[in-house]
1. From the list A:274, A:233, which residue is polar (S, T, N, Q), assigned to a helix (DSSP H, G or I) and at the interface with another protein chain (Cβ under 8 Å from one of its Cβ atoms)?
2. Taking the conditions exactly as written (in a helix (DSSP H, G or I) and open to solvent by less than 50 Å² (accessible area, probe 1.4 Å)), does residue A:207 satisfy them or not?
3. Looking only at residues that are more than 9 Å from every other protein chain (Cβ to nearest Cβ) and part of a helix (DSSP H, G or I) in the stretch A:143-161, which one is least open to solvent (accessible area, probe 1.4 Å)?
4. Which residue, of A:140, A:173, A:180, A:214, is open to solvent by less than 50 Å² (accessible area, probe 1.4 Å), touching a residue at least 24 places away in the same chain (Cβ under 8 Å) and more than 10 Å from every other protein chain (Cβ to nearest Cβ)?
5. Pick from the stretch A:284-297 the residues that are of a type in the set (A, V, I, L, M, F, W, C) and under 11 Å from the mean Cα position of the chain (by Cα): which of them is surrounded by the fewest Cβ atoms within 10 Å (Cβ to Cβ)?
6. Between a first residue in the stretch B:120-137 that is of a type in the set (S, T, N, Q) and a second residue that is open to solvent by 40 Å² or more (accessible area, probe 1.4 Å), which pairs have beta carbons less than 8 Å apart while being 6 or more apart in sequence or on different chains?
7. Quick one: count up the residues across the stretch B:72-94 that are loosely packed, with under 13 Cβ neighbours inside 10 Å, over 16 Å from residue B:275 (Cβ atoms) and of a type outside the set (S, T, N, Q).
8. Does residue B:286 count as at positive phi and more than 9 Å from chain A (Cβ to nearest Cβ)?
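The values are calculated or read from the model by the stated rules, or taken from the named source; none is laboratory data. Note that the structure is a prediction, hence the values are computed from the model and not measured. Positions of Cβ are backbone-derived with ideal geometry, glycine not excepted, and every protein chain shown enters the neighbour counts. Note: areas computed on protein heavy atoms with side chains; ligands, DNA, RNA excluded. Shrake-Rupley method; radii C 1.70, N 1.55, O 1.52, S 1.80 Å.
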Amino acid sequence: MAVSVGEAVSTGPVRDHTPPARRFGGRGRSVLEVALLAVLAVVMLFPVLWMIETSIKENRDVYAIPAKFFDFKVTMDHFKDVFFASGGGRSALSVSFLNSVVVAGVSTVLATVLGVPAAWAYSRFAVKAKKDQLFFILSTRFMPPVVVVIPIFLMYRQVGLIDTKLGLILIYTAFNVPFTIWMMKGFVDEVPAEYEDAAMLDGYTRLQAFWRFTLPLLLPGIAATAVFALIFSWNEFVFAIFLTSSDTVRTAPPAIAGLIGGTTVDWGLVAAASVVFALPVLVFAYLVRKHLVAGVTLGAVRR
Amino acid sequence: MSDPVSLTTEHPGQVASATPPAPGRSSRLSDRWLTVAFTSPALLLLLAMSVFPLLWALYLSFTDYSATRGGPAHFVGFENYTAILTSAQVHQRALTTLIYVVGAVTLQTVLGFAIAYLISRRTHGRGLLTTLFLVPMMLSPVVVGLFWRFMLDAQFGVINSMLGSLGLEQVEWLTRQRTALISLIVVDTWQWTPFIMLIALAGLTAVPKYLYEAAAIDRASEWFRFRTITLPLVWPLLLIAVLFRAIEAFRLFDLVYILTSGGPGVSTETLSFHVYKVAFLGFNTGTASAYGILMVLVVLVLTQLYLRYLNKLKED
């Protein structure tokens, strides 16, 4: 039973059955609550709005003191700079965006291919020390990246994976597999094992039963899981900054962070790059909003 | 709807035992083969990319190896560990990390729960509100860090600009010892309050209505209802969220790196950031490995705690 944010909305208020007698002074309080929520919403959203605003401001207005909230000139120059180099051709940032697409995409596909069958096996079969195995799997995901990156760095240096997309893809796959297994196990648990048993009575093998009957039912879950894995890889920064260095390999997060390295910072460009970088994440997150609770807790909490 | 929360953990009853053996083949044997075939690729990858590196780090933690100096590693016993555990520097970083974790997670929990409670009392626009509040959480820490760095800039930052127009004093947020750590806590709170809110909201909407109705019949006061119905039912789920955030905050690195780089001085250097400095700027790979292993131990304890509460939640 998956109660989601979307559904939670339609279930109506929790406390709408309060008898009128107890609503004494309820109206004033309700107004106060709405006002409080509005203020909180503005505070939470202001940085995002400010980022968007800065990305379309002319440089003069970006650095204006006091800050200009409304009366500024709109320009798309910063967005142009994100994609095109000043002398023409592609900018380093746009290359890094492409790298991000490749690295996040391939690692997500790999994590899905490895994780979904494992999740199915953990859900269906009696595995020795299953609890311990699942604990082990989740704890690899909780390791501090800064700690893991030290031996990974040495390891990659040894085998020549430093500063390669393959190296990043491998480590991202490894950190998305635990998530995929935990998240997908929840989805597999929701599909009755009896479907497979019935198929096997009809003469299918267990594998065929999985492939033909369970897998199609899991597709929405797989899509949601893959979207989360995609977001995690897309946003990842620590491994990216330590394991890659050249412009042709670097993904977007370290490339955007690199924009503030010099003495003067072009904040308009930083803002535009951030907007371009964040937009797909927000769109994807909106698509999987029903599974957000499970997704952000790495598949551990599900309702 | 009535059972509050169900989790994804163990379902031991789902072993396919009721299946009659298919003619001509042992389904049990093939099941075991399938299990191995389906789980081992994932496990092998984790062994290669997580366990092996950690074992290597464990080995290095007993040596004086330096990644830049090269040369053979000499066995030094527990020297690295004693050096770290007795180092005043590390103690200070541990204190900074503690202040940061406790401060940020407490703020997030209070704010997140408050927002969730307010949203759960609304009839209209709950979906829209929830979606809007969730935006910060989905952003990359890089984007969040950069943007707050811009907004908190002492000269042309919008925060100081607003303070100025209110006639208040300007603050050098990221370049003063005390305000830098506070800024870090505020930014983390801004990003992760939605996380607590999301999970608290999930708990709040799962509280069965009839409990409130019964309480209303008994003319129980609002505070009494909150204390005896809402809080006890939401608390277990909230605790999971809090522990999860604590683990994440403990291993935080990217936000510190972008926002303050540990400065000014060492006032915002968390343990994660210090490990990075020892490993990549100090080049004491052996010491850094020991440092890392100790951090891993802390994370393992926290993860164990997290899973214990998760199992408890499932059983209730």
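1. Working: A:233 fails: at the interface with another protein chain (Cβ under 8 Å from one of its Cβ atoms).
The unique qualifying residue is A:274.
2. On the way: in a helix (DSSP H, G or I): yes; open to solvent by less than 50 Å² (accessible area, probe 1.4 Å): no.
No, not satisfied.
3. Initial filter on the stretch A:143-161 (more than 9 Å from every other protein chain (Cβ to nearest Cβ)): A:156, A:158-161.
Applying the additional criterion that residues be part of a helix (DSSP H, G or I) yields A:156, A:158-159.
On the way: A:156: 4, A:158: 142, A:159: 100 Å².
The residue in question is A:156.
4. Details: A:140 fails: more than 10 Å from every other protein chain (Cβ to nearest Cβ); A:173 fails: more than 10 Å from every other protein chain (Cβ to nearest Cβ); A:180 fails: more than 10 Å from every other protein chain (Cβ to nearest Cβ).
Going through A:140, A:173, A:180, A:214 in turn, just one is open to solvent by less than 50 Å² (accessible area, probe 1.4 Å), touching a residue at least 24 places away in the same chain (Cβ under 8 Å) and more than 10 Å from every other protein chain (Cβ to nearest Cβ): A:214.
5. In the first step, residues of the stretch A:284-297 are kept if they are of a type in the set (A, V, I, L, M, F, W, C); the result is A:284-285, A:287-288, A:292-294, A:296.
Cutting the leftovers down to under 11 Å from the mean Cα position of the chain (by Cα) gives us A:284-285, A:288, A:292, A:296.
On the way: A:284: 16, A:285: 22, A:288: 20, A:292: 26, A:296: 23.
Out of the qualifying residues, it is A:284.
6. Taking only residues 6 or more apart or on different chains, the pairs are B:123/A:16; B:130/A:9; B:131/A:286; B:131/A:289.
7. 6
8. Values: at positive phi: no; more than 9 Å from chain A (Cβ to nearest Cβ): yes.
No, not satisfied.
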